[in-house]
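The values are calculated or read from the model by the stated rules, or taken from the named source; none is laboratory data. As the structure is a computational prediction, the values presented were derived from the model and not from experiment. With ideal geometry, Cβ positions are generated from the backbone for all residues, glycine too; neighbour counts draw on all protein chains shown. Heavy atoms of the whole protein, side chains included, go into the accessibility calculation; ligands, DNA and RNA do not. Shrake-Rupley method; radii C 1.70, N 1.55, O 1.52, S 1.80 Å.
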Amino acid sequence: MIRLIHSEIWKLKRYYVIWIGIATMLTVVLLTCFMEIGTPGAPTFSSFSENVIWNNFSLIFPATIVLIAGYIIERERTDDTLKNLAAIPVSFRRLLVGKIIVCGMITIFLAIAEFLFTTIISFILGYGELTLFIMIKALWQMIGMNCFVFIAVLPIIIFTGQRAGAFMPGVAFAFFYGIIGIFASGHSLTSLYPITIGLGFINYQNGNDTGIYNIPLCFTVLLILVAITTIMLFLAHDRAKIQRAKRGTV
């Protein structure tokens, strides 16, 4: 598995999709910056980073990580390398697990990029409260939230990854999935909706609005997500290969 992960990391050097991920992190920070202009009161690093986290999980990151994961899985089909891997042999399930682990690493990397963009823009614009403690807290929250969102969209990645050309509909669904999180959190469903449970784990507080989270419920939803993901991985196989075989027998 270590060799497989190392190979997947090496392949990332050839994929422009990683730059798309970095660009989306910059986009969400710039979008939040423009939103701060119309907000009354003097913005601080804390309020800015909190709004970046909110916009990222609800507008950008779910679709972004599904796009990246779907793309690197689909490349095995478009580059016609799946049959070579099968000859080693490397099962499709093992390959999928390796790519998911690498996508988890990308999730953390994008959170760090998001933090750096947030910090740089805050410094340039002179936002207050730019202290080491608050910066460490913001970094931890960004990494944590990205990781929990990644877990929430894993079933989408696994489902679409088994089907050729299915990752773009998965991206669209993930975007919708994230948008619904805005309404779910506004109707006291934050601790129940998969995309938003991370807010409870990182103890997200937006300004004067003190959030109250049901951590046991968040943990229960997380366990359900992990269970669903494990079952889907256990049952995963290259359905596109089966479809090709059926067409060949017709």
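Side notes on the structure shown:
- Residue count for the range 111-135, restricted to those that are surrounded by fewer than 23 Cβ atoms within 10 Å (Cβ to Cβ) and over 17 Å from G21 (Cβ atoms): 16.
- Filter pass, I68 being open to solvent by less than 30 Å² (accessible area, probe 1.4 Å) and modelled with pLDDT of 80 or more: yes
- Boolean, F219 is part of a helix (DSSP H, G or I), over 24 Å from Y71 (Cα atoms) and free of Cβ contacts under 8 Å to residues at least 24 places away in the same chain: yes
- You will find that of L223, L217, the residue that is over 19 Å from the mean Cα position of the chain (by Cα) and open to solvent by 40 Å² or more (accessible area, probe 1.4 Å) is L217 and no other.
- Each residue in the range 125-172 was checked for being among the small types (G, A, S) and in a helix (DSSP H, G or I), and 6 of them qualify.
- Matching residues, the range 155-166, being within 17 Å of V17 (Cα to Cα) and more than 14 Å from the chain's Cα centre (by Cα): G161, G165, A166
- When the range 182-195 is limited to residues that are part of a helix (DSSP H, G or I) and more than 24 Å from L233 (Cβ to Cβ), the one that is least open to solvent (accessible area, probe 1.4 Å) turns out to be A184.
- Considering (1) within 19 Å of S47 (Cα to Cα); (2) touching a Gly at 6+ places or on another chain (Cβ under 8 Å); (3) not basic (K, R), the lone condition that G170 does not fulfil carries the number (1).
- Filtering the range 38-68 to residues that are within 14 Å of S122 (Cβ to Cβ) and part of a helix (DSSP H, G or I) leaves F45, S46, S47, F48, S49, E50, N51, V52, I53.
- Subset of the range 167-181 [buried (at least 18 other Cβ atoms within 10 Å of the Cβ) and more than 15 Å from the chain's Cα centre (by Cα)]: none
- Test: residue in the range 21-29 that is closer than 23 Å to T229 by Cβ, at pLDDT 90 or above and not acidic (D, E): yes
- Residues of the range 196-211 that are at pLDDT 85 or above, assigned to a loop (DSSP other than H, G, I, E, B) and among the polar types (S, T, N, Q): N203 alone.
- Among the residues of the range 224-250, those that are at pLDDT 55 or above and of a type in the set (S, T, Y) comprise T229, T230.
- Every residue from the range 136-162 that is open to solvent by 60 Å² or more (accessible area, probe 1.4 Å) and closer than 26 Å to G98 by Cβ: F159
- Pick from the range 1-28, criterion within 30 Å of S122 (Cβ to Cβ) and without any contact (Cβ under 8 Å) to a residue 24 or more places away in the chain, ranking: surrounded by the most Cβ atoms within 10 Å (Cβ to Cβ): A23
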